[in-house]
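Student: Pasting a structure below so you can have a look.
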Amino acid sequence: MKINEQVEALVRAVLDAAVHRDSDRFDSALDALSASQETLTKAVELTLAVNAAVLFEVHDGLPSTHEIDQLSPNIAHQERWAEVSADDVQAILAAVATGNPPRVPSTTGGVSAVFVVAANLLAAASQPNEGEWWFNYLDKVEAAIEAAG
């Protein structure tokens with residue numbers, strides 16, 4: 001997947017707001033991303049690929065249904081500031097684990113869940129104690145996504 005630099009910058013703004021649980025900034029960044037349907041589609045595709053790559057790395061392969069079922073309510077609880085439901089999180093995780101489109105509503109809430117899940121996974125998987133912040137980890141994930149084609 002070739003990553004569009006403009007889309008990437010917008011995605012990073014949304015993810016940064018989500019990592020910091022700044023709902024006002026998150027809403028503004030998501031609005032900027034949603035200005036064009038094409039941009040929003042590319043951003044969601046990129047973010048789903050990020051979710052898949054992080055899940056694959058963290059679980060040393062695809063997570064099992066059981067692991068997804070355990071992870072979903074935890075993420076929803078941790079990200080309650082964004083009002084993300086455990087069902088939406090589960091749908092996103094199951095979809096990226098199987099390579100299918102997620103079964104979340106195409107509403108703002110459903111779309112925002114894709115970004116909130118990615119922010120959560122990136123923050124949890126990065127190692128700030130070793131100098132690898134979520135955005136540095138995202139650099140590596142994006143490089144792997146582009147290298148994979």
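The values are calculated or read from the model by the stated rules, or taken from the named source; none is laboratory data. Model, not experiment: these values are computed from the prediction. Don't worry about glycine lacking a Cβ; one is built from the backbone with ideal geometry, like all the others, and counts go over all protein chains shown. Just the protein is used for accessible areas: all its heavy atoms, side chains included, with ligands, DNA and RNA removed. Shrake-Rupley method; radii C 1.70, N 1.55, O 1.52, S 1.80 Å.
Student: Output the residue which, of all residues in region 26-67 that are charged (D, E, K, R) and open to solvent by 90 Å² or more (accessible area, probe 1.4 Å), is farthest from GLN6 (Cα to Cα). Spell out the reasoning first.
Tutor: Start the filter on region 26-67 by keeping residues that are charged (D, E, K, R), which leaves 27, 31, 38, 42, 45, 57, 60, 67.
Next, only the ones that are open to solvent by 90 Å² or more (accessible area, probe 1.4 Å) stay: 31, 38, 45, 57, 60.
Details: ASP31: 15, GLU38: 12, GLU45: 14, GLU57: 26, ASP60: 31 Å.
That would be ASP60.
Student: With the checklist (1) in contact (Cβ under 8 Å) with a residue 24 or more places away in the chain; (2) within 15 Å of the chain's Cα centre (by Cα) in hand, flag the one item THR65 doesn't pass.
Tutor: (2)
Student: A further question on this structure: Show the residue pairs meeting these rules: Cβ distance below 8 Å; 6+ apart or different chains; first residue within region 27-47 and over 18 Å from VAL84 (Cα atoms); second residue part of a helix (DSSP H, G or I) and open to solvent by 60 Å² or more (accessible area, probe 1.4 Å).
Tutor: Qualifying pairs under 8 Å: SER34/THR108; THR39/GLN6.
Student: Return yes or no: is GLU132 free of Cβ contacts under 8 Å to residues at least 60 places away in the same chain, closer than 25 Å to GLU5 by Cα and open to solvent by less than 80 Å² (accessible area, probe 1.4 Å)? Don't jump to the end; show me each part of the working.
Tutor: Values: free of Cβ contacts under 8 Å to residues at least 60 places away in the same chain: yes; closer than 25 Å to GLU5 by Cα: yes; open to solvent by less than 80 Å² (accessible area, probe 1.4 Å): yes.
Yes, satisfied.
Student: Assess whether VAL44 counts as being at pLDDT below 95, touching a Leu at 6+ places or on another chain (Cβ under 6 Å) and part of a helix (DSSP H, G or I).
Tutor: Against the criterion (at pLDDT below 95, touching a Leu at 6+ places or on another chain (Cβ under 6 Å) and part of a helix (DSSP H, G or I)), VAL44 does not qualify.
Student: Let me ask something additional. When you look at GLU142, is it more than 21 Å from SER64 (Cα to Cα), modelled with pLDDT of 85 or more and surrounded by fewer than 23 Cβ atoms within 10 Å (Cβ to Cβ), yes or no?
Tutor: Details: more than 21 Å from SER64 (Cα to Cα): yes; modelled with pLDDT of 85 or more: yes; surrounded by fewer than 23 Cβ atoms within 10 Å (Cβ to Cβ): yes.
Yes, satisfied.
Student: Any idea how many residues of region 77-92 are outside any helix (DSSP H, G or I) and open to solvent by 60 Å² or more (accessible area, probe 1.4 Å)? Explain how you work it out, then say what you get.
Tutor: Start the filter on region 77-92 by keeping residues that are outside any helix (DSSP H, G or I), which leaves 79, 83-85.
Cutting the leftovers down to open to solvent by 60 Å² or more (accessible area, probe 1.4 Å) gives us 83.
Qualifying residue count, region 77-92: 1.
Student: Turning to a different aspect of this structure: Do you know which of the residues in region 1-16 that are free of Cβ contacts under 8 Å to residues at least 60 places away in the same chain and not in a loop (DSSP other than H, G, I, E, B) is surrounded by the fewest Cβ atoms within 10 Å (Cβ to Cβ)?
Tutor: Applying the first criterion (free of Cβ contacts under 8 Å to residues at least 60 places away in the same chain) to region 1-16 yields 4-7, 9-10, 13.
This time we only want the ones that are not in a loop (DSSP other than H, G, I, E, B), so: 5-7, 9-10, 13.
Values: GLU5: 7, GLN6: 11, VAL7: 21, ALA9: 11, LEU10: 23, ALA13: 17.
The selected residue is GLU5.
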